[in-house]
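The values are calculated or read from the model by the stated rules, or taken from the named source; none is laboratory data. Note that this is a predicted model, so its numbers are computed, not measured. Here the Cβ is made from the backbone with ideal geometry for all residues, glycine too, and neighbour counts use every protein chain on show. Accessible surface is based on the protein model in full, side chains and every heavy atom, while ligands, DNA and RNA are left aside. Shrake-Rupley method; radii C 1.70, N 1.55, O 1.52, S 1.80 Å.
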Amino acid sequence: MKPTLQLRISQHLALTPQLQQSIRLLQLSTLELHQELEQILIENPLLERLDDPLDHSVRLLGDGAIIPNLPNSAQDTSQPDAAASGEPENGFEGESAGEGLASGESDWSFDDVARTAKAPDDEDARPQLEAHQPSLREHLLEQMHLTVRNTRDRALAELIIDALDEKGYLEESLEEIHARLPPELEIELDELSIALKLVQSLDPAGIGARNAAECLSIQIRRFPNVPLVTRRMALAIVENHLNLFAQRDFNKLKKALDCDDEDLREAHAVIKQCHPHPGLAFASGASDYVVPDVIVKRTKNGWQVMLNHDVMPKLRVNALYANILKQNKGEGSLTSQLQEAKWLIKNMRQRFDTILRVAQAIVDRQKNFFSHGAVAMRPLVLREIADTLGLHESTISRVTTQKYMLTPHGMFELKYFFGSHVATEAGGEASSTAIRALIKQLIGAEDSKNPFSDSKIAEMLAEQGMVVARRTVAKYREALKIPPVNLRKSL
């Protein structure tokens, strides 16, 4: 067999650096996108950001022409996104990095400077700082310094305060604390007990407890205007029968306490006023919040999706460096960085364009949700959106992950609108999201004295034409973080 030369024509997808960057930008969340952008701005001097909150003067610049904004409605985005759909792009439509800005400067700016430019006002110039929130330790030490004068007692109380956890509990026993103290201090165990009682007398009530029963007991003893009989019964429950109370086994509780429903109901009301973790009120954890990528509003043409311009970075190529490169027409690192800046701006535009198209397609198929709520959600899979927009299913998965939509019903991740289907008796399909909403609705309307079991809920759904097994109801109920029937029962 001798070697021969043959010509063969074939097609293949080249994963160019531009396409790789487009895919990466598409899968990033808004927070990750801005972090990635800050790193790129540091590394590439030809790229500049026009919405820098620390430099208002930059917003007033912009001598050259600026490209128009991205469309506010998906109706204007009929062109398919080649990079996002996995189709190879052949450069920048014939334009190269060596071309000057005189003819193509508008192609390398992202968003409209004139629209976003605004003079700094008092609120921008002088941001409001959040007031300092005292920690649990600071709160307790402040009270102790006002009430305790003896230096030794204050030191022992501080020792107990330092041993508290974030919930306000003393998990370490007094014996263990006493064992690690230097012997030369000659501290007795009784002194630590007195210091613990002192800490437990501070605000908030329940601080310094060694377990949940002691925490609730301290609070019940300090409640004002509680009848003596009710207080005694509440103390008996938390000190001796807390497990039965947590399991809501009221029949055994009434038998153990020798009381009727009315007495147990009054004691139950007192216990419900207690806070099982009093120290968490002073937790200093930062609040997490989500900024929407798209906003849905009702218009005369129906439900329309608009991009949230507050999360869209305003980028452009630095005109000074670009003009220098145009005049010199030299080869160097700046030329490659100019091309990278153009790629980033183009890919950033494609990212938001793809998000807008996918979000509008979702809204078009879930109109009943926006009009009637979660109970009207219809089954939807990624393949349906992908086929409609001519994109790959993996692209839809990237777009709907960690991207959020602000609706009249609240904030939702785009993945929320996708769900499996459950067959109905009429031969149709019902969304699992709608079934979860119905379960939540049924449980919310139940009689707390006689709550519905999972089997009963399955029967009620069957009456509405939805064939759902009991274990499926239990799975959906647990996903909604709704406790089982025995924990939902009340007196």
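Here are some notes:
- Full extension of the segment from THR147 to GLU184, taken as 0.36 nm per residue of separation minus the current Cα-Cα distance, would add 10.6 nm.
- Ordered from largest to smallest accessible area (heavy atoms of protein chains, 1.4 Å probe), the residues LEU41, LEU46 come out as LEU41, LEU46.
- Largest-first ordering by accessible area, 1.4 Å probe, given options ARG477, ARG265: ARG265, ARG477
- The stretch 218-282 and the stretch 445-480 have Cα centres lying 30 Å from one another.
- Cross-link reach list, lysines versus LYS475, counting only Cα pairs under 20 Å and skipping chain neighbours closer than eight places: LYS415, LYS440, LYS456, LYS489
- Chain lengthening between ASP261 and PHE223 when straightened (0.36 nm per residue, less Cα-Cα): 11.5 nm
- log10 of Debye I(q)/I(0), alpha-carbon scatterers only, for the stretch 362-491 at 0.20, 0.22 Å⁻¹: -1.17, -1.29
- Local charge for PHE282 was computed over the other residues whose Cβ lies under 13 Å away, with Lys and Arg +1 and Asp and Glu -1, and equals -3.
- Here the spin labels are modelled as points 7 Å beyond Cα on the Cα-Cβ line, and at MET460 and GLU175 they lie 5.1 nm apart.
- Looking at the stretch 205-363, the accessible area is 51 square angstrom per residue; that uses a 1.4 Å probe and ignores ligands, DNA and RNA.
- Stretched out straight at 0.36 nm per residue, the stretch from ALA479 to ASP310 would grow longer than its current Cα-Cα span by 57.6 nm.
- Rg ratio (alpha-carbon, reference 2.2 N^0.38 Å) - the stretch 170-301: 1.56
- Interchain or long-range residues, amide H under 5 Å from LEU315's placed H: LEU50, PHE110
- Highest mean first, the peptides 461-472, 373-384 sorted by other C-beta atoms within 10 Å per residue fall in the order 373-384, 461-472.
- The convex hull around the C-alpha trace of the stretch 239-363, projected and averaged over every direction, spans 18.2 square nanometres.
- Calculated FRET efficiency for the pair GLN327/HIS392, C-beta based, R₀ 51 Å, to 0.05: 0.75
- Point-to-point label distance, ASN251-MET411, nm (Cα→Cβ direction, 7 Å offset): 4.6
- Accessible surface of ILE194 - all protein chains present, 1.4 Å probe, nearest 10 Å²: 120
- Ordering of 291-298, 154-161 by burial proxy (mean other Cβ atoms within 10 Å per residue, highest first): 154-161, 291-298
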